[in-house]
Each structure stands twice: as structure tokens, then as C-alpha cells.
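> Dropping a structure here in C-alpha cells format, bear with me for questions.
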Amino acid sequence: MPSHSQAQVFKGIGLAIAAMACFATLDTTTKWVSLSAPLMVAMFFRYAFQAVVTTAIELPRQGRALLHTAHLGLHILRGALLLATSVFAFLSLKHMPVGEFTAIVLLTPLIVTLLAARMLHEKVSRLRVLLVAGGFVGTLAIVRPQGADFNWALLFPVGVVIANAGFQLLTSRMTRTEDSMTMQFYTGWTGALVAALALPFAWEPIASPWVWGGLLFMGVMGSLGHFILILAYQRAPAAVLMPYMYAQIAFAMLGGWLIFAHVPDRWTLAGMALIAVCGAAGAWLTAHESRAAAEAPEH
């Protein structure tokens, strides 16, 4: 690989890790805000910020081209799936620590890979199935459904994984024909408008300027994280970047310790480590399979 290409890949990896820090900060802030702000109020400010910023930056640059799409319905569905992901995440973080939540949610890449292969009628290796099973075992170690302290609210992360998996699969399909900024535009406005419809029924006065600051910070971290991740994908292949996404677990644990003084127990740490190892191994397996397919001789 030429040195310039290597430098670009290393920049991409650094940007991906920075994006994971932004997303972990977003989740930590969301947990803190969830203690004081109503759900749909938080969702409105989260998506309104993304929608307004994307429009302010891209509309002057692209003009009407930003709005052009042949699949408006898919954009709305994608925005609804991301909003559902955020709603389940908000509910999850009200009831569980940030690190454990992040570890469970990072099962999504494993499940997306498995579902994508099934939907395309491709053969799924036993190793990949084993990695998904390992991630599931790690999840059980975290939530411990037979434990005395089990709370059924801990199943909310399952909703995050399902909604996020649908979002990722739809995104993978739409990136073949749709502009990334157009997708960002419609996603932001879909979430903002749906949350705005619920706002009159969910509104409660928020007196604390710190909570208002937290709501604004959620929008900043969400938008910044997605923007940095786009820059990372422009510099390095997704298969190279995917293992580094699991750095988000470490950042989330750090945030949970600093803000909430939460330290996971041994079983939880073991489960989080198992999910991280299985996820990273699944990403490396995808990269290996893609490379092998590209190098295979044509018949």
C-alpha cells in the first residue's frame, strides 16, 4: 500500500475512534438528561438540531439538489427507524449504565451482517454464527435475566438493536442511489417533525439551564459524530474501520465512571469483553472474506 494511502487509512481510523467518543458522550449526556427531561422533548431537540444544521450547511451549497430523491418513502422509513432507535436508547439509558447499554447495542453489526447474508441468500459460515451466539451470551452475562435484580426495562436495548439493524440494512441499500447529505437531511427532518407532533402532549417546563445545555449538547454530539464518521469512511474502507467501532464501549465505561460513578461487576465486564471480541472478530472476518472474494480468479 502506498504511504499516502496508509496515511489516509490511519486518519480514517483516528476519525472513527473520535466519532465513537462523540457517540459515547451523546449516550452519557442522554442518560443524564433522561433524569430531568421528557422523552419526546429530548428527541425533538436532538433531531431539530441535526435537521437545522444540515439544512443550513448543505442547502446553500447544493441548492434544490439536496432535496432530490426518487425514494421519499424510504427516507421517511429510515428516519422513523432512527427515531425509534433513539427512543429505545433513551428509555434504556433511564434504567441501565452507559457501558452495558453500549455493549449490547454493538451487537448490531454482527446481526446486520448475518441478516444481510440471509436476505441475499448467501451462505453463512459456522464461525459467523458462532460469533453471533458469543455476542448473545455476552448480553446474557450483562442483563442476567434470572438474577434477583433483573428489570424488564433492560429489554429496551433489544428494541435498539432491532430498530438499528433495520436502519443499517436500509441505509446500505439506499447509499447505492442516494446522496449521503440528502439522507442526513431527510433523516433529521423526519425525526424532528414526528417528535414535534408529540411535543404538545409531552411538554413539561424545564427550569434548569443545565438541562437545556444538555439538550443542546446532545444535538451537537449526535451531529458531530455522524459528520466525523462520514469523513472516516471517505478515508478508509468500512471493513477496516469496523473493529475500531468497539472502542465506544471503553469510552462509554469511562463516561459512566466519571459522571455516574458506575463500575461494572466481573460478570458484566466479562460480557462486555465477549461482545467486543466477537464483534471485532466478525469485522475482521468480513474484511477477510471480501479480500478473498476480490482476489478469487474469474471463471
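> Any residue in region 60-72 that is of a type in the set (D, E, K, R) and free of Cβ contacts under 8 Å to residues at least 40 places away in the same chain?
yes
> Taking region 162-180 as the region of interest, how many residues are crowded, with 16+ Cβ neighbours inside 10 Å and out of contact with any helix residue (DSSP H, G or I) (no Cβ under 8 Å at 6 or more places or on another chain)?
Total meeting the criteria: 1.
> On to the next question. Restricting to region 8-47, give me the number of residues that are assigned to a helix (DSSP H, G or I) and either among the hydrophobic types (A, V, I, L, M, F, W, C) or surrounded by fewer than 18 Cβ atoms within 10 Å (Cβ to Cβ) (or both).
Count: 26.
> Can you tell me which residue is nearest to SER34 (Cα to Cα) among those in region 217-246 that are within 14 Å of the chain's Cα centre (by Cα) and of a type in the set (Val, Ile, Thr)?
Selected residue: ILE228.
> Can I ask one more? Would you call GLY256 touching a His at 6+ places or on another chain (Cβ under 8 Å) and crowded, with 17+ Cβ neighbours inside 10 Å?
So GLY256 fits the description; yes.
> Which of the following residues is in a helix (DSSP H, G or I), in contact with a Pro (Cβ under 7 Å, 6 or more places away or on another chain) and at pLDDT 80 or above: GLY282, GLY256, GLY271?
Among GLY282, GLY256, GLY271, only GLY256 is in a helix (DSSP H, G or I), in contact with a Pro (Cβ under 7 Å, 6 or more places away or on another chain) and at pLDDT 80 or above.
> Continuing with this model, one more query. Go through region 151-238 and tell me which helices (runs of 4 or more DSSP H), entirely inside it, have 3 or more residues that are modelled with pLDDT of 80 or more and in contact with a Gly (Cβ under 6 Å, 6 or more places away or on another chain).
Filter on region 151-238 gives 180-202.
The values are calculated or read from the model by the stated rules, or taken from the named source; none is laboratory data. Note that the structure is a prediction, hence the values are computed from the model and not measured. Backbone-built Cβ (ideal geometry, glycine too); neighbour counts: all protein chains shown.
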